[in-house]
Structure formats: C-alpha cells, structure tokens
Amino acid sequence: MMNQAFDKEEFKKQVASKVKSLYRKTIDEASMQQVFQAVCYTIKDQIVDEWMATHEAFRENDSKIVYYLSMEFLMGRALGNNLINMGAYGGVKEALSELGIDLNVVEDQERDYALGNGGLGRLAACFLDSLATLGYPAYGCGIRYKYGMFKQEIRDGYQIEVPDDWLKNGNPFEMRRDEYTYEVKFGGTVRAEQKPDGNYTYIQENCQSVLAVPYDLPIIGYGNNVINTLRIWDAEPVNTFCLESFDRGDYQKAVEQENLAKTIVEVLYPNDNHYAGKELRLKQQYFFISASVRAAVDRYKNLHGGDVHHLYEKVCFQMNDTHPTVAVPELMRVLMDEEGLGWDEAWDITTKTCAYTNHTIMAEALEKWPIDLFSRLLPRIYQIVEEINRRFMAEIRSRYPGNEEKVEKMAILYNGQVRMAYLAIVGSFSVNGVARLHTEILEKQELKDFYEMMPQKFNNKTNGITQRRFLLHGNPLLADWVTEKVGDGWITDLRKISGLIPLADDPACREQFRQIKRQNKVRLAKYIKEHNGIDVNPDSIFDVQVKRLHEYKRQLMNIMHVMYLYNKIKENPQLDIVPRTFIFGAKAAAGYHRAKLTIKLINSVADVVNNDPQVNGKIKVVFIEDYRVSNAEIIFAASDVSEQISTASKEASGTGNMKFMLNGALTLGTMDGANVEIVEEVGAENAFIFGLSAEEVIRYENNGGYYPMEVYNSDPDVRKVLNQMIDGTFSGGDKELFRELYESLLNSWGGGRPDCYFILKDFRSYADAQKRVDAAYRDQEWWAKAAILNVAHSGKFSSDRTIQEYVDDIWHLEKVTVNMDEE
Ligand code: 26Q
C-alpha cells in the first residue's frame, strides 16, 4: 500500500524491471518517455488491488452508484495527480532523483488527456476527483476520442489547429475491457410485433451497427484507497461473421459499418457553448449513451436477480448538459423493449433515475435536432420521444386548459425540431444550474414555464474545482506554505484554508506570500520565454485572461483596453503606470471566424506594443499558445489579476475564476456567474467589480439593445481605438483585416444587433476598474493582504463541497470505505 509506506528501493527496482521488460533497456539507457511509461506501469500495478477492492466494496454494500454521463472529460495529465492522490508524490520524486531523474521532466512526457473543450469538460474531471476523494461510488461515462481537443499553434498571429494524437504513445493507465462490449444500432426501420400476451415488441431492422468497447481509467481518491472508474467507449466494426444471416456476404454493408466504427469516435467537436447540428455528433451521443445505460442496467440486474423495478434506488444518471439526453428515451427503450415493462412503470423508473445539469443560457448553445435527422438515425428512440411529448402536451393542457400558447412554448417537438433541454427536464427528477445567479435566471427567464409547472425539480449547485490539482499539484510552493500555516486539512476540507485569514494582517506572512508569488511568476516567465520567445518582467503585474475564446467572454474588450493604454503611453511616454503584462490564452472553435480574428488582433497588438521602444516595458502582451490544463496549472499560480469580464448574465458560472482565487489572484470582473459568490465570500473590497448587472443587460436585451454609436460619438478614447481597427495601425497598414470586429461593435455585421455583448457600453467602467488595479498594486502591503484573503476565502469553491451538495440533494449516495490490510 503506497500511501502508508512508500518503499523507495522497491519502487526503483520495479521501474528498472519495467524499463527492462518493456524496452530491453537499463534506466540509464532509457529515454525520458520510456522512463515515464515504466513509472506509470509501476503505479498501475500498485493500484490494481485497491481498484478491485473498491469495486468489491460497492458489491458488498450494494452501493448506489452515480453515472456521470458526459461527452467531455478534460482530465489533463494523470501521472502527477495520481501520485499526489496516492500519497506517493514526494517519495517518487525522491526515488527518481536518486536515479538522477527529475520527476517534473518525467511528468512533461505525458500528453494532456484533452477529451473536452473547456469549463464543462474540466468540471466533469474535477467532479470525478472529488467523488473518489469523498469515497462515493461513481463512474464517469464518456467517449474515447481518437483525437481530443486540437493542439493550437500560432503562425503569423493566426490560430492553426493541429490534430491531437494523444494516444500515439499508448495510454499506460487505461485498461481495455472487451468482456463488456455492446452493440449499438443506428438507422433502419422499426417493426412492431405482437407477443402472445397481446403486448408489442419493437424490432429495429436493416440498421447499421457498431461495437462499443470500454476502456477503464482509474480515478484515485486522495488518501483513502478508493479508486473509481472513468469508462470511455471506443468503437469497433461488427465482425462480418457476426452479421445477421441476411446481411452476411453484403460487402457494401460491411464496408459501411467499418466506416461508421472508424468515424464515430474519431474526434471531439471543438465547439464550446455553440450547437452545430451535425449528424455525426448525434451518433456520438447515442453511441456512448446506449452502451453506458445498458452497462449500468446489466450491472444492476446481475446484483438484483434480474429485476429492474427498483433501478432508481441504486442508479442515478447525471446528464452533463443536454448532450447525453438520449439517455432518457434509451432507458425507456431498454426497460420496455428489452425488460418487457409497460410505459407507466418504465416512465416512473426513468424519471426517478435521470437528472440534468444546465450549463448555459446562450441561445446558440441550445441543442435542437431536426426531427428528420433524429428520426432517421434513431427510429425507435424517436418513437419514444414522440410518445413522451404526446403525454407531456396532454399534461400541459390539463394543467393550463385552453392555453395553446403554453403548449407551443413547452413542447419537446416543435417546429420540426427536438428540443433536447425540454426532453431533459421532462425526463428528469432534478434540474440544476451551476451558480446561484445562473439558476435564478433559469427559473425566472429561460425556463420560467417549466419552473412554474415543476418547481420541485429545480435546484442550484454552484460549481467548484479540485484543490488537489489546482493548488497541491499546480502550486507546490503556496501549498507547502498553506500547510505550514494551517496544517494539511485543507487538502480534503478546503474550508480549513480560512485559517489563513488572520495571517493577512501579518507583515512577515505578506512578505512570504509575495516571495512565493514572485517565484511562480519567474516559473511562468521561463515558460513564456521557452514557448514564445518573449521576455517578461516578473515584477510587472501579471494580468491574465485564460479561457475559451467567445464573444460573450469579451477578450475583445480586454485587448481594446490594451490598445487604449498604448495610446495613452504614446500621447505621454512619461505616463506613470505600474508595469503590466497582459497574458492571454484561448482556443477558438475551428469554424468561429470572429473568435479567430480576435486571436489575430491580440497577436497583432502584441507585435506593435512589444516592439515599440517608447512603451519602454510599461506594458507587454503575451498570447500563450495551446492553453490547456497542464500549462493552466502554471499560469494560475503566477497570476495577480484574474480577468472574469463576461457580459453579465452570459457566463453560467465560470470555474477559472475559482482557480485564480485559490492561487491568490484578485478578480477583475463583472457581477456574473460565480463571480457574484466569489465577491460575496471575499468581500467587494478585495476585488475589482465593474459593468452592467445581469438585470440591466437583460433589460436592454428585452428593449431592443442599445446604441453603441452613442458611445463612439461621445467617448474620444473609445473612438480612437475603434478607428485603429480600420486604419491599419495594428495590421501593417491593412485597413480591411479587422473591419469585421469594428463592424460587429458598431453596425451589426452579418445581421443581429451591434455590440450585443455590451463591450462599448462597459468599456469606461472597465477602464476605471483597471485604473483601480493600478493604484491598488502600488500599495504592496494592501495587495498581499487582499491576495491572501482571496486564498483564505476560497473554501466554498472546492468541488468537494459541490459534490457533497449533489449527494445530499440529488444522488443520495453512501460513502464506501476500502481497507487494505497488508497481506
Ligand atoms: C453542443 C452541440 C454540438 C457540439 C458542441 C456542443 C457543445 C459543446 C460544449 C455545447 C457546449 C459546450 C460547453 C459548454 C461549457 O463549457 N459551458 C460552461 O460550463 C461551465 C461548467 O459548468 C461553466 O462554468 C461555464 O460558465 C459554462 O460556459
């Protein structure tokens, strides 16, 4: 057992033996990649007993299990995190260093598991960490994409997408589980056949099939021997010999099915907060849901004598946004067509088993599948959705007699589309938002009709993050300092970090904190030098916006403020400002033109600003290539200012905001998403808040928007920045390059309202808040105090707290204990 007694010599022996058996090499001869593989396989050997014991405990206790159904798991790297949670990080570091090997260099051999886009995918990963650490039985269920989130390269200031071949060197932690393979069917026709008892059974014929083959990854709890599982499904063609007799010898069909298997798990859709109605995406959804639902039902049946009537007592499907919503009709299908239950029984079980989390209110992110596509691809599932809709409409009519408008507004099938969010709500016993403000907006605006009709389903679960990755692993200097001051209880109970509060007033502690922050800034500066070739000043303010690129997140406003500052410096080269490094990191969806153009603008402004001698180091702009979980850990640790500047009401929660706070950065933000709760915890005096409120934004939206031209006409600074987008200042004289951005702010380029994210409206208020940042930073004592208070008040934002709330209000799980007695 590793976390009780880590045997260094034994570990070294095992690594040496692995290097030998895998590569016929000695440790001295082995490459770093080979050492990395050997270390991982050694660890895998060590945890397999605990992994088995955990599942044995689930069986013994007949535990209820939550299945977290998600198209995305943005895991980052596994090795460092696994070592930390096993309690072996320090021991392994020492053992390797005795062999002349730096553990950090070994960690750098690992590719990120980038099976997600951004917030929603990373939240799933944090949840798995917390579930295992709290000892709750859980499976993550997802897709083993061959290519994850693309790797971003910046060439000539433009984003280039490079395929993420993350499995190239194999994945040492995964375990293929052939014995749990399922066949998943698409297309064809449905035939109803009457059974002797008079009931009907439904047979899907002439369809295309693929095999879903699971791969399991261990999710190691911190210091408790509990190891949960992330199960991701790979697709393989149905063996031609296994085709149904009438299909055998059908060469065409065999080829088609082989193709389907190849394409279905090929790649993660790189859209974040944007729906694209692609047929392949729906195939992905049904593929992993059908396999996951049946695996869960089969496991339950095996333990309960084949009877599914009480499934909901032991199984909960948590749907991560609407992407897994076909779980509702799929469970209905399994219960009726395969288990022989009637509609009412099946519906009762389904709606006690499924729960839905909403992550967005952005209209363009809502999933609405064209009925013709949906019914062609999933004919039996569509029949079931039709019946769900028919019964739901009847329910609305009986509840609101004569109110046909209500029926239209709430129908699941409407205007030739399947509205997935409505299907998810109707099919679930719980509907939750991800921050208090977000849930309020759902209840009062977006989902008002549903809230009125079924208020008991609605609840809030404010997001959280795991402190094990984002402080203990990502920021070892600060982690050690916190432990020295308040003990190590914070690692599994982040509320304990509030023990730091009194230290904020202690000048010696402030100095220690400043030293740690400075060292982390030096570490990031080194990373930036290595990866961008830019020198940055660790004594400047590190002002950071890292997140997916989206108009509502307003990276454009941030870079426009940099342009504004640049103009001020040009007007007055003696301008007295604290040196500032503006750091950006963001991937744009491959097809999102305006987002990609914003990346080009940021890089173009960087080129001009960083190379203008008159600027004289006062400001610098850095765009970090390929922002991802592994470099995020380094970035958060080094940040002073956390840019959380979304248009109020648009960011459901945000989770980066919490990672910055935990690492002692001060929030510069709008009253949006979880920023509201962050400010509530740390106090408005320890943050920089600006801009329209959610209520104000919504009021403008309901009244046809506002007139950005008024801002242009009345504010010469803003006018100058806008004009520079079309006068070639930042584009080597090219006046057309950034015209789209200019037009989007003033003249509603391509239809819609101009500046629908209120950038010009909020600009002054933002610039003022930035001025307050500058003034505040000059008082280093005040700043260190506020930074420490941010760390100290971050306790609420642990995903451990979030998971405990899900358990108490939705999942009702019991903890398991896994005792590993030494044999
Ligand atoms: C949908 C259909 C087709 C293709 C892609 C998609 C798709 C993919 C990803 C739609 C949305 C997403 C991702 C959404 C997301 O990350 N939302 C974020 O969730 C976080 C966790 O709750 C919140 O903190 C963020 O505020 C929210 O934007």
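For region 459-493, the candidate set comprises residues that are among the hydroxyl-bearing types (S, T, Y) and closer than 17 Å to F797 by Cα; within that set, the residue that is nearest to the ligand (Cβ to nearest atom) is T462. Listed by position, the strands (runs of 3 or more DSSP E) enclosed by region 120-209 that each have at least 2 residues that are surrounded by 15 or more Cβ atoms within 10 Å (Cβ to Cβ) and more than 21 Å from the chain's Cα centre (by Cα) are 182-186, 200-205.
Selection of first residues in region 156-176 that are over 15 Å from K596 (Cα atoms) and of second residues that are part of a loop (DSSP other than H, G, I, E, B) and basic (K, R), restricted to Cβ pairs under 6 Å at least 6 apart or on distinct chains, gives the following pairs, ordered by first then second residue: W166/R111. State which residue pairs qualify: first residue without any contact (Cβ under 8 Å) to a residue 60 or more places away in the chain and inside region 118-142, second residue of a type in the set (S, T, N, Q) and within 13 Å of the ligand (Cβ to nearest atom) in any location, beta carbons under 8 Å apart, and separation of 6 or more residues or different chains. What qualifies is G121/S70. From the list F6, F11, the lone residue that is aromatic (F, W, Y), buried (at least 17 other Cβ atoms within 10 Å of the Cβ) and part of a helix (DSSP H, G or I) is F11. Within the set I384, I349, the sole residue that is in contact with a Pro (Cβ under 6 Å, 6 or more places away or on another chain) and either within 16 Å of the ligand (Cβ to nearest atom) or assigned to a helix (DSSP H, G or I) (or both) turns out to be I384.
For region 640-698, a residue qualifies if it is closer than 19 Å to K461 by Cα, more than 13 Å from the ligand (Cβ to nearest atom) and either modelled with pLDDT under 95 or not in a helix (DSSP H, G or I) (or both), and exactly one does: M671. All of T817, T802 fail the test of being modelled with pLDDT of 95 or more, of a type in the set (V, I, T) and more than 26 Å from the chain's Cα centre (by Cα), apart from T817. Filtered by the rule that a residue be in a helix (DSSP H, G or I) and either closer than 20 Å to F173 by Cα or basic (K, R) (or both), region 92-109 gives V92, K93, L96, L103, N104, V105, V106, E107.
No other residue among R281, R248, R294 is touching a strand residue (DSSP E or B) at 6+ places or on another chain (Cβ under 7 Å) and among the basic types (K, R) apart from R294.
Residue-by-condition table, conditions (1) of a type outside the set (G, A, S); (2) touching an Asp or Glu at 6+ places or on another chain (Cβ under 8 Å); (3) in a helix (DSSP H, G or I); (4) farther than 21 Å from L128 by Cα:
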| position | (1), (2), (3), (4) |
| --- | --- |
| R231 | yes, yes, no, no |
| E236 | yes, no, no, yes |
| V255 | yes, no, yes, yes |
| N259 | yes, no, yes, yes |
| A276 | no, no, no, yes |
| L282 | yes, no, yes, yes |
| Y286 | yes, yes, yes, yes |
| S292 | no, no, yes, no |
| A295 | no, no, yes, no |
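Take L477 and tell me if it is under 27 Å from the mean Cα position of the chain (by Cα), of a type outside the set (S, T, N, Q), surrounded by fewer than 18 Cβ atoms within 10 Å (Cβ to Cβ) and in a helix (DSSP H, G or I).
yes
Of all the residues in region 726-739, those that are over 15 Å from V608 (Cβ atoms) and surrounded by 17 or more Cβ atoms within 10 Å (Cβ to Cβ) number 1. Taking (1) under 24 Å from T466 (Cα atoms); (2) away from the ligand (no atom under 16 Å from the Cβ); (3) out of contact with any Phe, Trp or Tyr (no Cβ under 9 Å at 6 or more places or on another chain) in turn, L123 satisfies each apart from (2). On the basis of being aliphatic (A, V, I, L, M) and more than 16 Å from the ligand (Cβ to nearest atom), does A254 make the cut? For A254, the condition - aliphatic (A, V, I, L, M) and more than 16 Å from the ligand (Cβ to nearest atom) - is met. Beta carbons closer than 6 Å, at least 6 apart along the sequence or on distinct chains, pair a first residue in region 25-37 that is surrounded by 12 or more Cβ atoms within 10 Å (Cβ to Cβ) with a second that is part of a loop (DSSP other than H, G, I, E, B) for I27/L99; M32/Q109; Q33/Q109; F36/Q109; Q37/P172.
Is it the case, given these coordinates, that L303 is touching a residue at least 60 places away in the same chain (Cβ under 8 Å), surrounded by fewer than 21 Cβ atoms within 10 Å (Cβ to Cβ) and away from the ligand (no atom under 16 Å from the Cβ)? In short, yes.
The values are calculated or read from the model by the stated rules, or taken from the named source; none is laboratory data. In this text the structure is predicted, and so the values were computed from the model without any measurement. When we count neighbours, we look across all protein chains shown, and the Cβ atoms used for this are built from the backbone with ideal geometry, even at glycine.
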